[in-house]
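A quick write-up on the structure given underneath.
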Amino acid sequence: MPDSAPLSMPFNPAGIELDRRQGLSRQLYQALRQRVLDGRLASGTRLPASRDLAAALGISRNSVVRAYDQLYAEGFIEGRVGDGTYVAQLVPAAVQPKKLCTKLSTGFSTGLPTALSTNWLDLPVVSSSKVIHSGGFSRIESNHLPRPPSGPPRAFRVGVPAFDLFPFDVWAKLNAAFWRKPDLEQLCYGDPSGDPRLRAMIAAYLRSSRGMQCSAEQIVITSGAQQGISLCAQLLVEPGDSVAIENPGYRAAGHAFAVAGARLQGVAVDAEGMDCSALAASGDCRVAYVTPSHQYPTGVVMSLARRLELLAWAERSQAWIVEDDYDGEYRYTGAPLAPLAALDRQGRVLYVGTFGKVAFPALRLGYLVLPPALVDAFSQRRAVDVRHSEVSTQAVMAEFMAAGHFQRHIRRMRRAALSRRNTLLDGWPREIEGVGELPAVSAGLHLTVAVDGLERERQLVEQAACVEVEINALSSYWLPDSSTPADQRAGLVLGFAAVPETAIKAALIRLRQAWRA
C-alpha cells in the first residue's frame with residue numbers, strides 16, 4: 001500500500017437495522033452511504049467481505065453484493081486487488097468528517113435523495129442571498145408575488161371568474177380525443193411562439209370581437225398574463241429605466257418590471273384613466289403599463305380622448321405601451337370596447353390577453369399580440385425559459401374555439417357575471433359608517449368602494465374576514481412611496497363573479513351583521 005494511502009479503520013456493523021418487510025439491499029446501501037457522507041465511515045475504512053457482513057446482519061450474501069455494487073457504481077467505495085473493499089477517498093484527508101458534511105450540505109444538498117434528509121436537517125441553513133450573487137436577488141426579495149388565497153372560491157374574492165360554469169364535460173371530451181390519437185408531430189419540440197392553430201384562432205377572435213387587425217404571426221402564447229407581462233419587462237427594460245404604472249394599480253405587473261431593474265413611476269388615475277399629463281411630466285419613461293378597458297383596481301374605463309393622448313405620448317417619446325386586457329370580455333352595456341392595440345398605428349402597443357378570466361385561472365394560458373418587429377425576440381426569449389408551451393392544452397383550446405364553444409361560453413360567463421354583479425349591488429349593506437356609495441359598474445369582474453381612512457378600512461376588512469368574507473384593501477394596491485395622502489388611499493375591492501348568487505346573498509347577510517355589530 002502506498003505511504004499516502006489512509007490507514008485501514010475497523011468497521012462495526014452494529015447500529016445497522018434493517019426492516020425485513022422492505023428491500024434489504026436498498027436499505028443496506030442507504031445505511032452505508034449515509035455513514036460515508038456523515039463521516040462515521042471515514043475514507044480508507046476497510047469494509048467486511050460480503051459473506052462476513054451478510055452473516056453479521058443475518059441477511060443473504062446477494063443482498064450485500066447488490067448494495068456494494070451500487071456503492072461501487074456511485075463511487076462511495078473502491079476495491080483494491082487482493083486487499084478487499086475500502087471507503088473511497090472522497091475529499092482530501094485533511095478535511096475532517098464534520099467539514100465534509102457541511103461542505104456537502106452547502107454545495108450539493110438540493111441534489112441528494114430524500115432518504116438522507118433526516119440527519120441533514122440539523123445542519124446550518126445557507127441563506128439564498130449567499131447563493132444568488134446578483135442585484136436581482138434583492139429586487140426579488142422586495143418585489144415577490146404574495147401567495148394567492150387558498151381554498152375554494154368564496155365571496156368576494158378578486159380576480160376569479162365564474163368557473164363553476166365552465167363546460168368541463170366538453171373540455172374533457174376534447175382532451176380525450178386529442179390523446180386518443182395525437183399527431184406525432186405535435187409531441188415533438190414545438191414552436192416557442194405556440195401552437196399555430198391556436199394562434200390563428202386567437203387572431204380570428206380578436207379581429208371579430210375586439211376590432212384588432214392582427215395576424216397569427218403576431219401572437220406568442222404564454223403561461224398566463226403574468227408571464228406575458230414578465231416577458232415585456234425582460235425585453236423592453238434595461239436596469240435603471242423608468243416605467244410608468246397606474247397608481248393604484250396591479251402590483252404584480254409593477255413587481256415584474258421592478259425585478260427587471262426598472263424604476264417604477266406611479267402615475268395617478270382619474271375618472272378617465274391614467275393621467276397622461278402627469279405621465280408626460282414624470283420624466284423619460286420607456287414603458288407605460290395600463291389596464292384601459294377596466295382599470296385595476298378602481299374600475300375606471302379609459303376614455304377615447306385619453307387613449308389617443310396615451311398613443312400620442314408613446315409615438316412622441318418612442319416608448320412602449322403594455323396593455324393588459326385581463327377582463328375586457330366583460331362589458332355590460334353594449335359591445336366590449338376596442339382595445340388600445342386596435343387604435344395603434346405606429347406599432348407601439350403590446351397587448352396582453354388571458355384565458356384565465358374566461359375559463360379558469362389554473363389553465364395558465366395567455367397570449368401576447370406584438371408589433372411584428374418584436375415577435376422573433378419575444379419568441380426566442382420565451383424559448384430560453386420554457387422551450388414551448390404545454391401541447392395538449394393549446395390543442396384542446398384551439399378545438400374548443402374552432403367548434404364555437406368559446407364564444408358560447410363567453411356569452412354565458414357575461415350573463416352570469418352580470419347577474420352576480422346585480423345580486424351584490426341589490427344586497428349591499430347601506431349606511432355603513434365610513435363606507436361610500438357603490439359605483440356604477442359597467443365592466444369587469446370587481447368593483448371598488450371608497451372608505452373614510454385607513455383605520456376604518458382595516459376594521460372593515462378584518463370584520464369581513466371573521467365571517468369568512470374576502471375583501472381586499474384598496475390601500476394595498478398603491479406604491480409605497482405614493483404622494484397621495486394615506487387616508488385617501490383607503491377603500492374596499494370586491495370581486496363579484498367567483499361564487500353563485502345564493503353564496504353572495506349569504507355572504508352579504510353575514511357582512512351586514514358583522515359591520516353593524
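The values are calculated or read from the model by the stated rules, or taken from the named source; none is laboratory data. From a predicted model like this one, the values you see are computed outputs, not experimental measurements. Reconstructed Cβ throughout: ideal geometry from the backbone, glycine too, with neighbour counts over all protein chains shown. When the accessible area is computed, the model is the full protein with side chains, heavy atoms only, and any ligands, DNA or RNA have been set aside. Shrake-Rupley method; radii C 1.70, N 1.55, O 1.52, S 1.80 Å.
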When you look at Val391, is it under 22 Å from the mean Cα position of the chain (by Cα), open to solvent by 20 Å² or more (accessible area, probe 1.4 Å) and in contact (Cβ under 8 Å) with a residue 60 or more places away in the chain, yes or no?
-> yes
Every listed condition ((1) touching a Phe, Trp or Tyr at 6+ places or on another chain (Cβ under 9 Å); (2) surrounded by fewer than 23 Cβ atoms within 10 Å (Cβ to Cβ)) holds for Gln346 save (1)
Scan segment 146-194 residue by residue and report those that are surrounded by 11 or more Cβ atoms within 10 Å (Cβ to Cβ), aliphatic (A, V, I, L, M) and over 29 Å from Ala506 (Cα atoms).
-> Val170, Ala172, Leu174, Ala177
Within segment 247-290, considering residues that are part of a strand (DSSP E or B) and open to solvent by less than 10 Å² (accessible area, probe 1.4 Å), the one farthest from Ser317 (Cα to Cα) = Gly273
Please determine, by comparing only the residues of segment 223-246 that are closer than 26 Å to Leu363 by Cβ and assigned to a loop (DSSP other than H, G, I, E, B), which one is least open to solvent (accessible area, probe 1.4 Å).
-> Gly224
Here the residues within segment 1-31 that are among the charged types (D, E, K, R) and either at pLDDT below 90 or in a loop (DSSP other than H, G, I, E, B) (or both) are Asp3, Glu17, Asp19, Arg20, Arg21
How many residues does segment 197-214 hold that are at positive phi and either buried (at least 16 other Cβ atoms within 10 Å of the Cβ) or not in a loop (DSSP other than H, G, I, E, B) (or both)?
-> 0
